[in-house]
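Visitor: For reference, the structure I am asking about is given below.
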Amino acid sequence: MSSTRSDPVHGVRSPYLVERMAGFGTTIFAEMSALAAATGSVNLGQGFPDSDGPPALVEAAIAAIRAGDNQYPPGIGIAPLREAVAEHQERFWGLRFDPDTEVLVTAGATEAIAATLLALLEVDDEVITFEPYYDSYAAGIALAGGQRRCVTLRPPDYSFSFDALRAAVTPRTKLVLLNSPHNPTGKVFTREELEAIATLCVEHDLIAVTDEVYEHLVYDGRVHIPLATLPGMRDRTVTISSAGKSFSMTGWKTGWVCARPELVAAVRTVKQFLTYVHGAPFQHAAAAGLRLPDDYFEGLALDMAAKRDLLAGGLADAGFTVFPSAGTYFVTVDIRPLGETDGLAFCRSLPARCGVVAVPTVVFYDDVDAGAPLVRFMFGKRREVLEEAVVRLKGLAS
Ligand code: PMP
Ligand code: GLN
């Protein structure tokens with residue numbers, strides 16, 4: 001069952017903040033990036049790359065600005081992007097969506113997630129999700145007045161108990177909120193796991209909301225399987241993604257939702273009062289990105305996998321227990337071999353001790369004991385940056 005998270009993790013609590021947002025003061029990403037800037041540390045905390053994505057996207061955004069595409073675009077998104085999203089879903093995943101009624105452009109996946117939760121949850125409805133969870137899920141559920149019920153992913157492979165999943169269903173369960181590839185663990189859910197989730201959704205008539213922002217960051221010959229491709233799931237899944245990770249432009253905040261028309265209409269109703277529309281030039285750029293040839297996407301994943309290997313090797317040499325990462329920007333470790341038990345305290349001390357910033361994954365758990373000794377490192381940086389981090393981390397043991 002949901003727990004109220006303590007404020008010290010997230011900073012100062014404002015007396016003006018509504019009760020349902022208590023505990024969400026400052027995100028761990030903002031805290032850790034500020035710490036990195038203040039201490040001049042290598043920032044392997046917040047998940048953003050340190051080199052730009054494809055020049056073709058930069059040119060597309062600039063061309064759109066120069067062409068005068070600077071006024072409000074349509075609320076559902078410009079047609080070229082909705083068409084590019086639909087083409088992309090069919091090209092990579094064999095899913096067909098009507099770009100006019102089944103695709104909605106949003107201000108990043110973050111808005112898509114919030115708008116979906118606000119659109120679909122009545123107060124006290126329950127959402128089943130997996131912990132550690134991406135922080136905006138907890139906040140989005142709280143904003144909507146819903147409750148989260150977490151199924152715990154456990155290292156080394158971050159698998160979960162199917163019995164625990166079934167036990168999480170109650171008469172108030174409305175949604176299952178899934179993130180695969182998964183932040184912060186780097187887990188890519190297997191077909192068997194997805195089938196268990198799909199079976200549950202069909203049996204209990206639940207809607208699935210899937211966050212697939214790392215859909216193209218999957219390594220070692222594994223495949224990303226969108227939940228919507230499983231039997232019975234196409235019309236009960238809201239599939240969410242964005243351009244940030246696929247094109248290494250996390251600041252552009254261009255996202256989208258794909259679902260059947262009735263679900264898209266519900267999300268659109270809320271979305272129009274959150275941001276109304278999303279920046280026109282970035283939509284042109286994202287459309288260009290989604291149409292890049294296959295070798296772009298393959299090259300991105302190969303490059304990222306090599307970076308993962310570099311950092312994971314360095315973390316193992318530094319003495320951590322390193323858990324396998326099959327996707328995303330992230331690799332997680334257990335800090336106990338270094339004689340540490342408290343990931344939050346460890347991450348707060350790490351800049352002073354060796355000039356590296358990481359993220360304690362305990363802040364993404366309701367079961368804080370499960371997450372206490374786990375820490376996330378981000379490997380989507382330039383090689384020389386990762387090499388420097390590895391050298392610094394080795395100094396920890398001495
Ligand atoms: N979901 C997950 C799992 C993420 O890691 C992130 C962070 N980028 C987001 C959603 C947010 O995506 P966007 O920047 O497109 O809003
Ligand atoms: N998704 C990024 C991460 O997990 C952070 C985005 C943010 O700062 N909200 O690190």
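The values are calculated or read from the model by the stated rules, or taken from the named source; none is laboratory data. These figures come from a predicted structure and were not determined experimentally. Note: ideal-geometry Cβ built from the backbone for every residue, glycine included; neighbour counts use all protein chains shown.
Visitor: Having 3 or more residues that are closer than 21 Å to residue 27 by Cα and at pLDDT 95 or above is the bar; report the strands (runs of 3 or more DSSP E) wholly within segment 90-163 that clear it.
Guide: So the answer is 126-131, 147-152.
Visitor: Also, quick follow-up: Could you grab me the full set of residues in segment 361-384 that are away from ligand 2 (no atom under 16 Å from the Cβ) and of a type in the set (A, V, I, L, M)?
Guide: Scanning segment 361-384 gives 368, 370, 372.
Visitor: When the residues of segment 237-257 are narrowed to those that are closer than 10 Å to residue 112 by Cα and of a type outside the set (Val, Ile, Thr), which ends up nearest to ligand 2 (Cβ to nearest atom)?
Guide: The qualifying residue nearest to ligand 2 (Cβ to nearest atom) is 242.
Visitor: Within segment 212-248, work out how many residues are part of a helix (DSSP H, G or I), of a type in the set (A, V, I, L, M, F, W, C) and under 26 Å from residue 307 (Cα atoms).
Guide: Filtering segment 212-248 down to residues part of a helix (DSSP H, G or I) leaves 227-229, 234-236, 243-246.
Then drop every residue that is not of a type in the set (A, V, I, L, M, F, W, C), which leaves 227-228, 243.
Among the residues that remain, those that are also under 26 Å from residue 307 (Cα atoms) are: 243.
Number of matching residues: 1.
Visitor: Considering only residues of segment 240-281 that are polar (S, T, N, Q) and within 17 Å of residue 226 (Cα to Cα), which is surrounded by the fewest Cβ atoms within 10 Å (Cβ to Cβ)?
Guide: 246
Visitor: How many residues are within 23 Å of residue 331 (Cα to Cα), of a type outside the set (Lys, Arg) and either within 16 Å of ligand 1 (Cβ to nearest atom) or surrounded by 17 or more Cβ atoms within 10 Å (Cβ to Cβ) (or both) if we restrict to segment 154-205?
Guide: 17
Visitor: Would you please name the residue that is farthest from the chain's Cα centre (by Cα), looking only at residues in segment 50-82 that are closer than 24 Å to residue 293 by Cβ and not in a helix (DSSP H, G or I)?
Guide: 78
Visitor: Show the residue pairs that are 6+ apart or on different chains and have beta-carbon atoms under 6 Å apart, the first residue being within segment 74-100 and touching a residue at least 40 places away in the same chain (Cβ under 8 Å), the second being loosely packed, with under 15 Cβ neighbours inside 10 Å and assigned to a helix (DSSP H, G or I).
Guide: Filtered contacts from segment 74-100: 75/272.
Visitor: Still on this structure, I have one more. Does segment 139-146 contain any residue that is under 18 Å from residue 278 (Cβ atoms), within 16 Å of ligand 2 (Cβ to nearest atom) and out of contact with any Asp or Glu (no Cβ under 8 Å at 6 or more places or on another chain)?
Guide: yes
Visitor: Answer yes or no as to whether residue 297 is out of contact with any Cys (no Cβ under 8 Å at 6 or more places or on another chain), crowded, with 22+ Cβ neighbours inside 10 Å and part of a helix (DSSP H, G or I).
Guide: no
Visitor: Search segment 32-49 for residues being more than 16 Å from residue 360 (Cα to Cα) and within 17 Å of the chain's Cα centre (by Cα), and hand back the single one that is surrounded by the fewest Cβ atoms within 10 Å (Cβ to Cβ).
Guide: Among those residues, the one meeting the criterion is 48.
Visitor: Which of (1) surrounded by 24 or more Cβ atoms within 10 Å (Cβ to Cβ); (2) within 16 Å of ligand 2 (Cβ to nearest atom); (3) within 17 Å of residue 253 (Cβ to Cβ) is the odd one out, the single condition residue 134 does not satisfy?
Guide: Checking residue 134 against (1) surrounded by 24 or more Cβ atoms within 10 Å (Cβ to Cβ); (2) within 16 Å of ligand 2 (Cβ to nearest atom); (3) within 17 Å of residue 253 (Cβ to Cβ), the one that fails is (1).
Visitor: Tally the residues that are in a loop (DSSP other than H, G, I, E, B) and touching a His at 6+ places or on another chain (Cβ under 9 Å), restricting the search to segment 327-340.
Guide: Count: 1.
Visitor: Next question. Just one of 392, 376, 308 is charged (D, E, K, R) and either surrounded by fewer than 18 Cβ atoms within 10 Å (Cβ to Cβ) or over 20 Å from residue 219 (Cβ atoms) (or both); which is it?
Guide: Being charged (D, E, K, R) and either surrounded by fewer than 18 Cβ atoms within 10 Å (Cβ to Cβ) or over 20 Å from residue 219 (Cβ atoms) (or both) holds for just one of 392, 376, 308, which is 392.
Visitor: A further question follows. Go through (1) in contact with a Phe, Trp or Tyr (Cβ under 6 Å, 6 or more places away or on another chain); (2) surrounded by 22 or more Cβ atoms within 10 Å (Cβ to Cβ) one by one and return the number of the condition residue 340 breaks.
Guide: (2)
Visitor: Applying the selection to segment 249-292, what residues are out of contact with any Gly (no Cβ under 6 Å at 6 or more places or on another chain), assigned to a loop (DSSP other than H, G, I, E, B) and either among the aromatic types (Phe, Trp, Tyr) or more than 14 Å from ligand 1 (Cβ to nearest atom) (or both)?
Guide: Matches in segment 249-292: 259, 260, 276, 291, 292.
Visitor: Report, by residue number, each residue of segment 341-387 that is under 14 Å from residue 39 (Cβ atoms), outside any loop (DSSP other than H, G, I, E, B) and of a type outside the set (Val, Ile, Thr). Talk me through it step by step, then tell me what you get.
Guide: To start, the set of residues in segment 341-387 that are under 14 Å from residue 39 (Cβ atoms) comprises 347-358.
Filter again for outside any loop (DSSP other than H, G, I, E, B), leaving 347-354, 356-357.
Those that are under 14 Å from residue 39 (Cβ atoms), outside any loop (DSSP other than H, G, I, E, B) and of a type outside the set (Val, Ile, Thr): 347, 348, 349, 350, 351, 352, 353, 354.
Visitor: I've got another one for you. Over 26 Å from residue 298 (Cβ atoms) and among the β-branched types (Val, Ile, Thr) - does that describe any residue in segment 62-75?
Guide: Pass one, segment 62-75, residues over 26 Å from residue 298 (Cβ atoms): 62-75.
With among the β-branched types (Val, Ile, Thr) added as a condition, the list becomes 62, 65.
Yes, there is a match, as at least one residue in segment 62-75 is over 26 Å from residue 298 (Cβ atoms) and among the β-branched types (Val, Ile, Thr).
Visitor: Scanning segment 318-333 for residues that are of a type outside the set (A, V, I, L, M) and touching a Leu at 6+ places or on another chain (Cβ under 8 Å), which turns out farthest from residue 247 (Cα to Cα)? Walk me through it before giving the result.
Guide: Step one: of segment 318-333, the residues of a type outside the set (A, V, I, L, M) are 319-321, 323-325, 327-330, 332.
In the following step, the residues that additionally are touching a Leu at 6+ places or on another chain (Cβ under 8 Å) were identified as 319-320, 327-329, 332.
Details: 319: 33, 320: 31, 327: 15, 328: 13, 329: 13, 332: 23 Å.
Taking the candidates together, the pick is 319.
Visitor: Could I ask something else about it? Only one of (1) surrounded by 24 or more Cβ atoms within 10 Å (Cβ to Cβ); (2) over 23 Å from residue 158 (Cβ atoms); (3) not hydrophobic (A, V, I, L, M, F, W, C) fails for residue 328. Which number is that?
Guide: All conditions are met except number (2).
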